[in-house]
There are 2 protein chains.
Amino acid sequence: MNITAVIMAGGRGERFWPKSRNASPKQFLSLTKDGETMIQKTVKRLMPIVKAEDVYIVTNAAYTELVREQLPDIPEENILAEPCARNTAPCIAFAAAVIGRKYEDAVMLVLPSDHLIGYEDIYINTLKKAVRAAENGKNLVTIGITPEYPETGYGYINFGAEKGDVYEVERFVEKPDLPTAKKYLASGKYLWNSGMFVWKVSSIMANLRELMPDIYEGALRIGEAFGTPGFTEVLAKEFSAFRSESVDFGIMEKADNIYTIPGSFGWDDVGSWLAVERINETDDDHNFINGDVVTVDTKRTTVCGGKRLVAAIGTRDLIIVDTDDVLLVCSKNNTQDVKKVIAQLKEQNRTELI
Amino acid sequence: MNITAVIMAGGRGERFWPKSRNASPKQFLSLTKDGETMIQKTVKRLMPIVKAEDVYIVTNAAYTELVREQLPDIPEENILAEPCARNTAPCIAFAAAVIGRKYEDAVMLVLPSDHLIGYEDIYINTLKKAVRAAENGKNLVTIGITPEYPETGYGYINFGAEKGDVYEVERFVEKPDLPTAKKYLASGKYLWNSGMFVWKVSSIMANLRELMPDIYEGALRIGEAFGTPGFTEVLAKEFSAFRSESVDFGIMEKADNIYTIPGSFGWDDVGSWLAVERINETDDDHNFINGDVVTVDTKRTTVCGGKRLVAAIGTRDLIIVDTDDVLLVCSKNNTQDVKKVIAQLKEQNRTELI
């Protein structure tokens, strides 16, 4: 069976402001010294098991040009432009319907566009196992990440009995508080929900038909119009009529016969500026320094320089990001507060800066 | 007797890099929100006792244009351009010789160009007392500052018996270590050496003749040439031949009949970026914020913004200075290390940045 990949690339990525902006969200940025963007890495690491012609990028209409520029090997018709943001369930239904027009059936790898993978061989082997399970009648398969610490920012997957390479999913749970996260970790029965899914087009469509029939019907109409002159109009009408819903809530938490494969391949969701020091090499003082930077007595500092010289003196646990029109200086304890700055700028109508 | 002022404005002010540069040192910067530069404030506060035509600015030849721009009321011929830096003794001798050509005798106030005064009325009253003492036969008078804490970065003046408004100086001492500074403070007999002097032209010339005869002779030749077509040539020859020497070491530590007046007028030498929060109003979280700045959970932070937005999030005890080509992020514990950055840039021949 053909293996296709659906890369979800509609996200906004506010947490990497001021590098990420409305016009260029995180998945289109390079946060590593090699200069490759997150989405380029995402597609490249799939090449051992997916052909470029079978890679689909679902993104906001505003970003199709960025996708074309950064991924010139992806066929134009595989860039699926959402006219508006409707979370992951409509996104996946749209892609499944389009793929359903090309192949009678196919395996779909559904993957975020803005995560990093440290061990790509292990990652590919994990995906292969998931593909085999999906091909062999397992309804829906999700990749769970073996937790390293009691993270409270992710949802968890509670798994049960082993069935060959996969485990039965008992339930999906929302982001826990710290005591609960610690309990999950201690139990040995919970994985992080990474948002990576593997299933057959026929399986996800059957589940959509049962659990989200409105979206299923709309997606079918979009799929029928795909490749015809009326497509843009049909897409605009049907997609904007979708309610905004995650596939986790709409499908995974309700469907039966759900499986997970524990993955342990150096996954990183690159969720805030703190990730930069994790995903890059740091110096002896635990600094990550990129750009034209002079340091004196600087420790545990991340500097993403821009066009100007940055002098960091005596700094500790600090993130410095220089861009042409905005400079960010942020304590590592406050990386989530970047959103508050964006909120202030929105209130002030300074849209050119966000 | 006429009162003249000699403003020493040749300094480099590395400690305010990157705002201060070779091309625009500290005395020509505004570090307060009112936009006035240090040298403009210095001249303005003298206006109650000195006429603009009697204010002399001794500066490096590179800065005469800046002086003209910032002090348009000072006569062109009162801008004394040193062809090279030779510390304060040659600077003062040059000015004394020039003033000696205009007035048979006059009182000279010798003042740094880059300090701030909080209580200008008290300052003027203190200077008036010094002027009276100098006119009434006191050889050399210096303004001492009543210390507020055991500062190790200043020289001290040990004073003795009271003589009317002034006190006899026992000796000048170099910058002490901390235990010594504490002893000085506890003794009640030491003042900070502020580098402000008051004397008659005839007095300082007599002392120069006795204690620094080479500089005295050279200064006389410069004074004789002043206003003649050959002046520039004479100045270049004589001034560059001077040895570099401070008036403290060359005169004050050796002369007899030296007096001091304790001053308590909110003096601040504005010696590093730390001064900015002292000399400006701060907000309830002890931040000084100037420019286009957004803050979230920011405390004890100084931000001198430039043309771009600065976002400071969760910062503590930090100094952020944004300029067109350099950004400084410096812990308040490390303000002296700005010089190390400049040293690194010098080594790299990046003279455009220093």
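FYI, it's all coordinate maths here, none of it is from the lab. It should be emphasised that the depicted structure is a prediction, and the values quoted were computed from it without experimental measurement. All Cβ positions, glycine included, derive from the backbone under ideal geometry; neighbour counts span all protein chains shown.
Here are the numbers:
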{"read-out": "Whole-Å semi-axes of the stretch B:188-228's equivalent ellipsoid (Cα gyration tensor)", "value": "28, 12, 9"}
{"read-out": "Calculated [θ] (222 nm, deg cm²/dmol) that DSSP helices of n ≥ 4 give over the protein assembly as shown, each run adding -39,500 (n - 2.57)", "value": "-9000 deg cm²/dmol"}
{"read-out": "Scaled radius of gyration (Cα, divided by 2.2 N^0.38 Å) that the stretch B:205-354 gives", "value": "1.56"}
{"read-out": "log10 of Debye I(q)/I(0), alpha-carbon scatterers only, for the stretch A:191-260 at 0.23 Å⁻¹", "value": "-1.06"}
{"read-out": "Protection-proxy order for peptides B:8-21, A:341-354, each taking the mean of Cβ atoms within 10 Å per residue, highest first", "value": "B:8-21, A:341-354"}
{"read-out": "Order of B:198, B:107, A:296, B:43 under a 10 Å beta carbon neighbour criterion, fewest first", "value": "A:296, B:43, B:107, B:198"}
{"read-out": "Cα Rg, Dmax (largest Cα-Cα span) when computed across the stretch B:275-353, Å", "value": "13.5, 42"}
{"read-out": "Kirkwood Rh in Å, taken over all unlike Cα pairs in chain A", "value": "21.4 Å"}
{"read-out": "Label spacing, shortest first and in nm, from residue A:180 to its equivalents in the remaining copies (7 angstrom along Cα→Cβ)", "value": "6.6"}
{"read-out": "Kirkwood-based Rg to Rh ratio, the stretch B:29-166, C-alpha trace", "value": "0.96"}
{"read-out": "Long-range amide H partners of residue A:6 with built H, under 5 Å", "value": "A:56, A:109, A:110, A:111"}
{"read-out": "Diffusion coefficient, µm² s⁻¹, Stokes-Einstein with Kirkwood Rh over alpha-carbon pairs of the protein assembly as shown at 10 °C and 1.306 mPa s", "value": "52 µm²/s"}
{"read-out": "Sparse-neighbourhood loop sites, chymotrypsin sites (Phe, Trp or Tyr not before Pro) in the stretch A:54-141 - DSSP loop, at most 16 other Cβ within 10 angstrom", "value": "A:103, A:119"}
{"read-out": "Nearby aspartates and glutamates by direct alpha-carbon distance to residue A:339 (threshold 14 angstrom, same-chain neighbours under 8 apart not counted)", "value": "A:14, A:347, B:297"}
{"read-out": "Per-residue ³J(HN,Hα) for the stretch A:50-56, Karplus 6.51 cos²θ - 1.76 cosθ + 1.60, θ = phi - 60°, Hz, x for Gly and Pro", "value": "10, 6, 3, 5, 9, 9, 10"}
